[in-house]
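Participant: First the structure, which I've put down as structure tokens, then a few questions once you've had a look.
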Amino acid sequence: MTSLPTSNTAPFFGWYVVAATFVLAIFGWGVGFYGPPIYLQMVVQRTGWSVALVSTAVTLHFLVGAAVVANLPRLYRFTGVPVLTVTGAVLLALGVVGWSVADQPWHLFAAALLSGTGWVAMGAAAVNAIIAPWFIRSRPAALSMAYNGASVGGIIFSPLWVMLIASSGFAQAAIIVGISMVTVVAALSILAFSKSPDVLGQSPDGAQSDQVVPRTAPSLATPVPGGSLWRDRRFITLAAGMAAGLFAQIGLLAHLFSIMVPVFGSQAAGLLMGGATVSAIVGRTGIGWLMPPSADRRLIASASYGVQIIGSLMLLATDAENAATMVVGVLLFGLGIGNATSLPPLIAQMEFDKADVFRVVPLIVALSQATYALAPALFGIARTVSDPAVFILAVAIQFLAVIAFLCGRHK
């Protein structure tokens, strides 16, 4: 009797890293991205300070994060991924507690420095850096799954913050969330982020050691020396496209809820914003799993923005009168929300040498974050003219994003 051959090969660990990074993104975006608008309201209510003053602290939170994320590769080399990730969680937790107890403006700005510094170690560039060593061919699917944690973070934490603050107060809520976040991130760092394919003797995508993992498509990329990156057409257009697209999204989303309230009421408008988040998950997941390996990712990014432009135009055309059309417009706009974050790193993977990707992704994220930090204010100025001006501005800026992506295509 012949027994079947057995295999002692360990399961590919990369998908466990994806799951861990998904959870990391839930906390990163839930506390560091979706949290500040709620902190703003709570601080204004507790202190009586002007919205302009507290809004400046929110802007500082994102601007200091942009400065830190640009140096993320250097920080990873100095400390390693696990240590830096836990440090980021600790700083973010301390910063949020600082927001909750600040009784002088300078306390608030100090808290913003801490929270802004910490959250980028759990943000977009961090997610890409953690996932990239484990995947080449399957990186679009892996990143889409990990980045979906960002959307889930908004779904979970936006109502969770409100509930905890209502029941326990802002300071107690910040302590509860902060301790929970640091505990979970520390566990993830020990169990998942401390591992690497080399340490476990595995290859990207789970290929056997005698197999060669091909690139997702033929690439002629050569290393870009030093400062030449800032003169590289691919980098400039990729950075400009990502920054413009996120600027339009953040600016419109900052005002969309209050624009919809007169039409739907607060509760229904909140549900519709949740629908936009679900739509973002569907859009990101669909592209991550269905995008052909040889696809022109700049064209796909442009098409994603094209869908959002159609959604914005539908919102503009309704003039807050046709509720059904507004629902469709919001859902169409939502389809591209996640892709604005996940597609640019995938474009960088295709167009740049592997070593350059680890420079390019943090830089484009930093430039985008520094840019979109100003978006709510500019869209607020447009709204003083009229609500439709918000949609017109979004469409115009997203057209610029499409143009930037198309201008950077390989010739």
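Participant: Quick one: R359 ticks every box in (1) at pLDDT 85 or above; (2) over 18 Å from V120 (Cα atoms) except a single one, so which number is it?
Facilitator: Here R359 meets the rest and fails (2).
Participant: May I pose another question? On the basis of being of a type outside the set (S, T, Y) and free of Cβ contacts under 8 Å to residues at least 40 places away in the same chain, does L114 make the cut?
Facilitator: yes
Participant: Something else: Sort through T341, T384 and tell me the only one that's under 16 Å from the mean Cα position of the chain (by Cα) and either of a type in the set (V, I, T) or part of a helix (DSSP H, G or I) (or both).
Facilitator: T341
The rows are residues; the columns are (1) surrounded by fewer than 17 Cβ atoms within 10 Å (Cβ to Cβ); (2) farther than 25 Å from T277 by Cα; (3) at pLDDT 95 or above.
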position: A111; (1), (2), (3): no, yes, yes
position: G123; (1), (2), (3): no, no, no
position: A126; (1), (2), (3): no, no, no
position: F135; (1), (2), (3): no, yes, no
position: S144; (1), (2), (3): no, no, no
position: Y147; (1), (2), (3): no, no, no
position: G153; (1), (2), (3): no, no, no
position: V162; (1), (2), (3): yes, no, no
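Participant: Separate question: Please work out if A377 is outside the structural domain of V127 (by TED's automatic domain parsing), more than 24 Å from L60 (Cα to Cα), surrounded by fewer than 21 Cβ atoms within 10 Å (Cβ to Cβ) and among the hydrophobic types (A, V, I, L, M, F, W, C).
Facilitator: Answer is no for this residue.
Participant: Any residue in region 40-60 that's touching a residue at least 12 places away in the same chain (Cβ under 8 Å): show its pairings with residues that are of a type in the set (D, E) at Cβ separation under 8 Å, as long as the two are six or more apart or on different chains.
Facilitator: If the second residue must be of a type in the set (D, E), the pairs left are T47/D103.
Participant: Within region 117-174, can you find the residues that are farther than 17 Å from Q45 by Cβ and assigned to a loop (DSSP other than H, G, I, E, B)?
Facilitator: Selection gives G123, F135, I136, R137, S138.
Participant: Taking G95 and the conditions (1) crowded, with 22+ Cβ neighbours inside 10 Å; (2) farther than 20 Å from A373 by Cα; (3) free of Cβ contacts under 8 Å to residues at least 60 places away in the same chain, which numbered condition does it fall short on, given that it satisfies the others?
Facilitator: Looking at each condition in turn, G95 falls short on (2).
Participant: I'm trying to understand the selection: among the residues of region 238-269, which are of a type in the set (S, T, Y) and more than 16 Å from G329 (Cα to Cα)?
Facilitator: Within region 238-269, just S266 meets the criteria.
Participant: I've got another one for you. Evaluate region 269-281: report whether one residue or more is in contact with a helix residue (DSSP H, G or I) (Cβ under 6 Å, 6 or more places away or on another chain), buried (at least 16 other Cβ atoms within 10 Å of the Cβ) and closer than 24 Å to I403 by Cβ.
Facilitator: yes
For (1) crowded, with 19+ Cβ neighbours inside 10 Å; (2) more than 19 Å from L400 (Cβ to Cβ), each residue gets a yes or a no:
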{"residue": "R284", "(1), (2)": "yes, yes"}
{"residue": "R297", "(1), (2)": "yes, no"}
{"residue": "S304", "(1), (2)": "yes, no"}
{"residue": "G311", "(1), (2)": "yes, no"}
{"residue": "M314", "(1), (2)": "yes, yes"}
{"residue": "A317", "(1), (2)": "no, yes"}
{"residue": "G329", "(1), (2)": "yes, yes"}
{"residue": "F333", "(1), (2)": "yes, no"}
{"residue": "G336", "(1), (2)": "yes, no"}
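Participant: A further question on this structure: Would you check which residues across region 35-56 are charged (D, E, K, R) and buried (at least 18 other Cβ atoms within 10 Å of the Cβ) and list them?
Facilitator: Correct list: empty.
Participant: Condition first: at pLDDT below 90 and surrounded by fewer than 19 Cβ atoms within 10 Å (Cβ to Cβ). Now tell me which residues in region 164-181 satisfy that. Show your work before the answer.
Facilitator: Within region 164-181, the first condition is being at pLDDT below 90, and the residues that meet it are 165-166.
Of everything in region 164-181, just one residue is at pLDDT below 90 and surrounded by fewer than 19 Cβ atoms within 10 Å (Cβ to Cβ), namely A166.
Participant: Also: Quick one: R409 ticks every box in (1) under 14 Å from A243 (Cβ atoms); (2) not in a helix (DSSP H, G or I); (3) not polar (S, T, N, Q) bar one, so which box is it?
Facilitator: In the conditions (1) under 14 Å from A243 (Cβ atoms); (2) not in a helix (DSSP H, G or I); (3) not polar (S, T, N, Q), R409 misses (1) alone.
Participant: Another question about this same structure. Within region 291-307, is there a residue that is under 27 Å from P159 (Cβ atoms) and of a type outside the set (A, V, I, L, M)?
Facilitator: There is no residue in region 291-307 that is under 27 Å from P159 (Cβ atoms) and of a type outside the set (A, V, I, L, M).
The values are calculated or read from the model by the stated rules, or taken from the named source; none is laboratory data. Remember, predicted model here, so these are calculated numbers, not experimental data. So basically every Cβ, Gly included, is an ideal-geometry build from the backbone, and we count neighbours across all protein chains shown.
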